[in-house]
Amino acid sequence: MGQGEPYLATAHGMMINYWDGTAHLLMYLLLIDAIARRQEIRNVGLFWFGSIFNSLIVLLCGSVSGQIGTHLRSSYFLNTAYVIVPLAFVIRLFKQPREITAQKQDKRTIWMRPLDMLFVLYFTAAVMVAFIRGYASLGSPVWINEWYLTEVEPYIADSSGFPRMQMLTYSWYFVPYYGMAIYGLLNLGKSWMLDWAVIHAGAAAQAQFSHIGSSIYSINGSQTVPAGGAYIFWVVNISLAIVPQLFAIHCLVSNKLFIPSSSSKALD
């Protein structure tokens, strides 16, 4: 690791190794089994794409921007294949239309769907949390960002650069998805909601596993979760890990919400 990929010796590097050796390994086995049995691989494949792509964004960009950047070797570029292959894979999946089992579109308004209203509130809160953590990672002097960095998640300022890049990934990539999800819940018939909910679930699972693990297990012990902010830390981070999984399941089970109007009329 010292000569090849030194970033793997950081707390974040250890967590992504644990995730690769467990979650990603399980996904590969599920994909291989499904392909061998000629079964549907879409959901597992999309979940894997979200997971590995979030991991790569944070790893590759964080390695360059953090203290490890001065110690990078040519082996760093071996990760290029891990970018190209998932992209090619997900493009292939997107070219194949998803089959929706529901026969008729659910046309109830958001006020008649209390669970979806809760998801809208969650995504709205997630946008605010993403910006607070994103600006905190950049050293914003605004009081709420300073308070969050000092009292809740000091690990965000870790010199490795990985937590900062994860917070910026939430701000740059997750926030637009939150907006898309809110739009899709308020305006039914958007079939793309199904695929993107699964991708987001995979990305959130990997992001939060690595971030939570790194936050409570720091290599040098200098960054820990302050006792005074531990409750907020766990509520925020567990919510960001669990709710995306529940939302993806909800979308797949209640797929009648996302039948395009044209398809619904054709069935009628």
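The values are calculated or read from the model by the stated rules, or taken from the named source; none is laboratory data. Bear in mind the structure is a predicted one, so any value in this text is a computation, not a measurement. So basically every Cβ, Gly included, is an ideal-geometry build from the backbone, and we count neighbours across all protein chains shown. Accessible surface areas use protein heavy atoms only, side chains included; no ligands, DNA or RNA. Shrake-Rupley method; radii C 1.70, N 1.55, O 1.52, S 1.80 Å.
General observations
- Taking other residues whose beta carbon is less than 12 angstrom from the beta carbon of residue 94, and scoring Lys, Arg as +1 and Asp, Glu as -1, yields +3.
- Rg to Rh, two decimals, where the stretch 85-166 supplies the alpha carbon set and Rh follows Kirkwood: 1.19
- Anisotropy class of the stretch 80-231 from Cα gyration tensor, a/c 1.5 cut: oblate
- Cα-projected label distance for residue 108 with residue 172, points at 7 Å along beta-carbon direction, nm: 4.0 nm
- Pair residue 224, residue 128: separation of 7 Å Cα→Cβ label points (nm): 3.1 nm
- Estimated Rh, the stretch 141-217: Kirkwood, alpha-carbon pairs, angstrom: 14.2 Å
- Residue-normalised convex hull volume from the C-alpha trace of the stretch 128-184: 69 Å³ per residue.
- Length gained on full extension, residue 250 to residue 117, computed as 0.36 nm times the residue gap minus the Cα-Cα distance: 46.6 nm.
- Over the chain, DSSP H runs of length four or greater, each weighted -39,500 (n - 2.57), average out per residue to a 222 nm ellipticity of -20500 deg cm²/dmol.
- Ordering of 173-183, 153-163 by burial proxy (mean other Cβ atoms within 10 Å per residue, highest first): 153-163, 173-183
- When you count the other C-beta atoms within 10 angstrom of each residue and take the mean per peptide, 200-211, 239-250 line up highest first as 200-211, 239-250.
- Global form of the stretch 18-167, assessed from the alpha-carbon gyration tensor, a/c cut-off 1.5: oblate
- Peptides 33-41, 131-139 ordered by average Cβ neighbours within 10 Å, highest first: 131-139, 33-41
- Of 147, 19, 172, the residue with the largest accessible area leads and the full order is 172, 147, 19 (1.4 Å probe).
- Modelled this way, with points 7 Å down the Cα-to-C-beta line, the labels at residue 32 and residue 88 are 1.9 nm from one another.
- Values of log10 I(q)/I(0), in the order q = 0.09, 0.11, 0.13, 0.17 Å⁻¹, for the chain under a Debye, Cα-only, solvent-free model: -0.45, -0.67, -0.90, -1.35
- Rg followed by Dmax, in Å, when the stretch 103-142 is reduced to its Cα trace: 16.3, 53
- Cut-off 15 Å, label 7 Å out along Cα→Cβ of residue 147, residues of the stretch 153-195 by amide N: 153
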